[in-house]
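What follows is a short report on a single structure.
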Amino acid sequence: MPEINDAQQSRRNFLKMLAGTGGAAAVLPVVDAFAADPEAVLAKLVQQTTASDNIDFSELDVLERMRFELLRALQKTPAERRWVMVIDLRKCVGCHSCTVACIAENKLPPGVVYRPVIEEEIGEYPNVARRFVPRPCMQCDNPPCVPVCPVDATYTNEEGIVEMNYERCIGCRYCLTACPYSARTSDFGYTYTQGNANGDGFILGSDIAENYERAANFEYGKQYPRDEGRNSPIGNARKCHFCQHRFLNGQLPACVTTCIGRATLFGDANDPDSLVASLIASPNVMRLREELGTEPRVYYLV
Amino acid sequence: MAQAVQPQESAAPPQKLRQSSGSGFVFRWTDIFWIIGVILLVIGASGMWQRITEGLAPTNLTSYVPWGLWVGFYDYLVWMEVGSLIIFTSMIYIIGDKRLAGIKPVVLFTGFTVVTMGLLIVLLDLGHPERFWHVIVYPDFGSMITWMVWLHSSYLLILIVELALVLWGGKRGQRIVQWLAYLSLPVGLALIIVSGSIFGVVAARPLWNTASLPLMFLISALAAGSSLLLLLTVLFWKDKTSEDYHAVVKRLSRLTSVLLITGVFAAGVIASTILYKGSGNPSRVDALNLILTGPYWWSFWVVHILMGVLIPLAILLNASDKPRLVGIAAFLSSTTFVAVTLNIVIPVLVTPELEGLATAFVDPKLNPNYVPNSMEWMVLAFVFGIGGIIYGLGLRFLPLQSRHVEESHD
């Protein structure tokens, strides 16, 4: 009998639970259908169970729950959704996998980082601790970076994500100075492979690496190949967008899925039954530099 | 145009003239501008080539210090050009001191050159300079940079028309010149205030984010501009033996002194308020301390305060009847004001917004420290080279000091 790993087990439990709450489908056909077309099955199940109050998420990985909630949120109109990120600092171990996943997902070049993890040492010996503070874009409700843009190249979309229009940005970097979280970086046009030694038949893989690096990313649902010229996003301001291209397609942001401690959580705060909605109502929640009135959508549990 | 070239000889001091052998080329002291311009162009060429082919990558600018040398120099040039023209226009058209009218073409042409250099610098500072027209086509008037670009472009347009009418508009054009001069006052004032507001509205940077910063820009621009106007008077006044010349130099010396003292006093009041124990925002205090006692303390204390304020003040207050000394004081004061703008722009950005961010992800372009590198200086040299050539050739070929121009204002 093939060994079933935790994730598969978890998914199977999830489907069983959904089937149970739906009350109609048999478990095994659902599993088979899921393997064939997971998105369609999940969407259908979500539709069937949206009104249900009896879902027990306690047995599930929070990723499954967040994905379920994400799909449920996508049934609503964009203006009805309020995406937030919750970062549990007590669970973050400083592995930086979110940073790496973000770089891989968005094909970030050298010098561009959307989600660094700040490491702090607190206290004095012998009472010393380390704290890790991931810092994505805060997707502020009052973003100071937006009004300073002279050409409307950055704006808040209808579901609250602060977007960049790479084709319009002139690269004045005013938004970089205006962001109180230093959450924007400038793309100076570097690649990781430039300047590397090369030689056909001697250094294997360099062409593949370079081709990979030049291939398009999918930010904002568009394709931006990094060709030899200085086209966008080179010369632009760049920033985290909560992996909008992923979540609009039913996938959680890359930093969320790769968090080994499940410290980074994502969802629709307008959904009262969502995980994030319950967490941001806790008394141990804080946001960075709240005194500036930016109303960040990234909450930290401390 | 022919009559424009003729009277130039009388403008240059006789002792500085010399005939070059055989070619008929007469060297004038003003040729030094385009000669220096060519030298700067050569010095800056490779840096400019890097800027064109590699963008902003070769600069020492980073994502944490996104503005540096070029933005500092842009503000300096705005202060100089607009400040000098505000003082000049006010003296002629508001105070009614018509004695200065003789140097009007030179003052306007200096303004035109400096405005052009300023626009060029700020253009080169863009990540996508080829998209500069987006600010005209897709403007967001909630942004101070939009206002800056629009005001700066309008100011350049006013200057060009005004200069053209002064040079070639004859007596009929002078009425329009007067109205353009009036128009240049609010546009110029707005440009300076907006230049200060670009920094003043940034809540994320506490030292910038004060209502007093745009006003400090205005006071500083007037002081820097007054120094420049004094320098232009000493350099380009035709009859240096006249009583008018000495009277104007004396008057401008006093005005410059008052403005310098006012600027230093205002800066001192603001600084002491920030540094008062218990009242200071830590980030604001850190940035100010970086200016006053940081590694580049000398740029503020030695370059600006000593060379730009104290020495010029000593000369202007004690030797205003000695135009050559006054000229040196005006030169020192007007050139060293750049230390102020650089100290406004850079130390604030170098002060980190979030503790620990600098080491969270290490990359040369995520460095919170900034010192302009040789490429940045070379690009700046190239821009000043272009300015020097425009200025030198203008002084040689345009009727900036010709008799008919001067007479048209008398």
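Go through the stretch B:188-212 and count every residue that is surrounded by 22 or more Cβ atoms within 10 Å (Cβ to Cβ) and closer than 26 Å to B:GLY111 by Cα.
So the answer is 9.
Quick one: is B:ALA330 more than 14 Å from chain A (Cβ to nearest Cβ) and at pLDDT 90 or above?
Details: more than 14 Å from chain A (Cβ to nearest Cβ): yes; at pLDDT 90 or above: yes.
Yes; evaluated as a whole, the condition is true for this residue.
Rundown of residues vs (1) over 27 Å from B:VAL202 (Cβ atoms); (2) in contact with a Leu (Cβ under 7 Å, 6 or more places away or on another chain); (3) modelled with pLDDT of 95 or more; (4) away from chain A (no Cβ under 14 Å), yes/no style:
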{"site": "B:LEU313", "(1), (2), (3), (4)": "yes, yes, yes, yes"}
{"site": "B:VAL379", "(1), (2), (3), (4)": "no, yes, yes, yes"}
{"site": "B:PHE384", "(1), (2), (3), (4)": "yes, yes, yes, yes"}
{"site": "B:TYR391", "(1), (2), (3), (4)": "yes, no, yes, yes"}
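Just the residues that are in a loop (DSSP other than H, G, I, E, B), surrounded by 23 or more Cβ atoms within 10 Å (Cβ to Cβ) and of a type outside the set (Lys, Arg), please, taken from the stretch A:131-149. Explain how you work it out, then say what you get.
Step one: list which residues in the stretch A:131-149 are in a loop (DSSP other than H, G, I, E, B), which gives A:135-149.
Still in the list and also surrounded by 23 or more Cβ atoms within 10 Å (Cβ to Cβ): A:135-140, A:143, A:145, A:148-149.
Within the stretch A:131-149, A:PRO136, A:CYS137, A:MET138, A:GLN139, A:CYS140, A:PRO143, A:CYS145, A:VAL148, A:CYS149 meet the criteria.
Conditions: (1) in contact (Cβ under 8 Å) with a residue 24 or more places away in the chain; (2) within 26 Å of B:PRO352 (Cα to Cα); (3) within 14 Å of chain B (Cβ to nearest Cβ); (4) not β-branched (Val, Ile, Thr). A:ARG226 meets all but one. Number of the miss?
Of (1) in contact (Cβ under 8 Å) with a residue 24 or more places away in the chain; (2) within 26 Å of B:PRO352 (Cα to Cα); (3) within 14 Å of chain B (Cβ to nearest Cβ); (4) not β-branched (Val, Ile, Thr), only one is false for A:ARG226: (2).
Looking only at residues that are in contact (Cβ under 8 Å) with a residue 40 or more places away in the chain and buried (at least 17 other Cβ atoms within 10 Å of the Cβ) in the stretch B:357-372, which one is nearest to the other protein chains (Cβ to nearest Cβ)? Full working, then the answer.
Step one: of the stretch B:357-372, the residues in contact (Cβ under 8 Å) with a residue 40 or more places away in the chain are B:357-358, B:364-372.
Narrowing further to those that are buried (at least 17 other Cβ atoms within 10 Å of the Cβ): B:357-358, B:365-368, B:370, B:372.
Details: B:LEU357: 6, B:ALA358: 9, B:LYS365: 3, B:LEU366: 6, B:ASN367: 9, B:PRO368: 9, B:TYR370: 13, B:PRO372: 16 Å.
Ranking the candidates gives B:LYS365 first.
The conditions are (1) among the aliphatic types (A, V, I, L, M); (2) part of a loop (DSSP other than H, G, I, E, B); (3) surrounded by 12 or more Cβ atoms within 10 Å (Cβ to Cβ); (4) more than 14 Å from chain B (Cβ to nearest Cβ), and A:ALA209 fails exactly one of them. Which is it?
Going through (1) among the aliphatic types (A, V, I, L, M); (2) part of a loop (DSSP other than H, G, I, E, B); (3) surrounded by 12 or more Cβ atoms within 10 Å (Cβ to Cβ); (4) more than 14 Å from chain B (Cβ to nearest Cβ) one by one, A:ALA209 breaks only (2).
Residues in the stretch A:249-274 that are part of a helix (DSSP H, G or I) and out of contact with any Lys or Arg (no Cβ under 6 Å at 6 or more places or on another chain): how many? Break it down into steps so the answer makes sense when it comes.
At the first step, the residues of the stretch A:249-274 found to be part of a helix (DSSP H, G or I) are A:254-257.
When the remaining residues are screened for being out of contact with any Lys or Arg (no Cβ under 6 Å at 6 or more places or on another chain), the result is A:254, A:256-257.
Total satisfying the criteria: 3.
For the stretch A:276-302, give me each residue that is exposed (fewer than 13 other Cβ atoms within 10 Å of the Cβ) and either small (Gly, Ala, Ser) or within 19 Å of the chain's Cα centre (by Cα) (or both).
A:ALA281, A:SER282, A:GLY293, listed by residue number.
Check B:THR341 against each of (1) in a helix (DSSP H, G or I); (2) surrounded by fewer than 22 Cβ atoms within 10 Å (Cβ to Cβ); (3) of a type in the set (S, T, N, Q) and name the one condition it does not meet.
The one condition B:THR341 does not meet is (2).
Return the residue satisfying two criteria in turn: it lies in the stretch B:126-169 and is small (Gly, Ala, Ser) and facing another protein chain (nearest Cβ under 10 Å), and of such residues it is nearest to B:MET80 (Cα to Cα). Give the derivation first.
Of all residues in the stretch B:126-169, those small (Gly, Ala, Ser) come to B:127, B:142-143, B:153-154, B:164, B:169.
Filter once more, keeping what is facing another protein chain (nearest Cβ under 10 Å): B:127, B:142-143.
Numbers: B:GLY127: 26, B:GLY142: 26, B:SER143: 23 Å.
Among residues in the stretch B:126-169 that are small (Gly, Ala, Ser) and facing another protein chain (nearest Cβ under 10 Å), the one nearest to B:MET80 (Cα to Cα) is B:SER143.
Filter the stretch A:164-196 down to residues that are free of Cβ contacts under 8 Å to residues at least 40 places away in the same chain and aliphatic (A, V, I, L, M) and give me whichever is farthest from A:ASN142 (Cα to Cα).
My answer is A:ILE170.
Restricting the search to the stretch A:206-250, which residues are touching a Pro at 6+ places or on another chain (Cβ under 8 Å) and of a type in the set (Phe, Trp, Tyr)?
A:TYR224, A:PHE242, A:PHE247
Which of the helices (runs of 4 or more DSSP H) contained wholly in the stretch B:226-321 include at least 1 residues that are farther than 22 Å from B:PHE337 by Cβ? Can you show your working first?
On the way: elements: B:243-275, B:282-293, B:311-318.
In the stretch B:226-321, the matching helices (runs of 4 or more DSSP H) lie at B:243-275, B:282-293.
Please state which one of B:LEU119, B:LEU100, B:LEU123 is crowded, with 23+ Cβ neighbours inside 10 Å and either assigned to a helix (DSSP H, G or I) or charged (D, E, K, R) (or both).
Numbers: B:LEU119 fails: crowded, with 23+ Cβ neighbours inside 10 Å; B:LEU123 fails: crowded, with 23+ Cβ neighbours inside 10 Å.
Just one listed residue meets the conditions, B:LEU100.
Looking only at the stretch A:83-93, which residues are in a loop (DSSP other than H, G, I, E, B) and either touching a helix residue (DSSP H, G or I) at 6+ places or on another chain (Cβ under 7 Å) or loosely packed, with under 15 Cβ neighbours inside 10 Å (or both)?
Initial filter on the stretch A:83-93 (in a loop (DSSP other than H, G, I, E, B)): A:89-93.
Answer for the stretch A:83-93, where residues must be in a loop (DSSP other than H, G, I, E, B) and either touching a helix residue (DSSP H, G or I) at 6+ places or on another chain (Cβ under 7 Å) or loosely packed, with under 15 Cβ neighbours inside 10 Å (or both): A:ARG90, A:VAL93.
Which one of these is away from chain A (no Cβ under 14 Å) and under 21 Å from the mean Cα position of the chain (by Cα): B:GLY24, B:GLY44? If you could, list the steps in order and put the result at the bottom.
Working: B:GLY24 fails: under 21 Å from the mean Cα position of the chain (by Cα).
After ruling out the rest, the residue left standing is B:GLY44.
Can you name the residue in the stretch A:150-195 that is in a strand (DSSP E or B) and facing chain B (nearest Cβ under 9 Å) and, of all such residues, is surrounded by the most Cβ atoms within 10 Å (Cβ to Cβ)?
Here is the first cut: in the stretch A:150-195, the residues in a strand (DSSP E or B) are A:154-156, A:162-164, A:184-186.
Still in the running and facing chain B (nearest Cβ under 9 Å): A:184-186.
On the way: A:ARG184: 25, A:THR185: 29, A:SER186: 27.
The extreme case among them is A:THR185.
The values are calculated or read from the model by the stated rules, or taken from the named source; none is laboratory data. Since the structure is predicted, the reported quantities are computational estimates derived from the model, not experimental observations. Cβ atoms come from the backbone with ideal geometry, glycine included; neighbour counts cover every protein chain shown.
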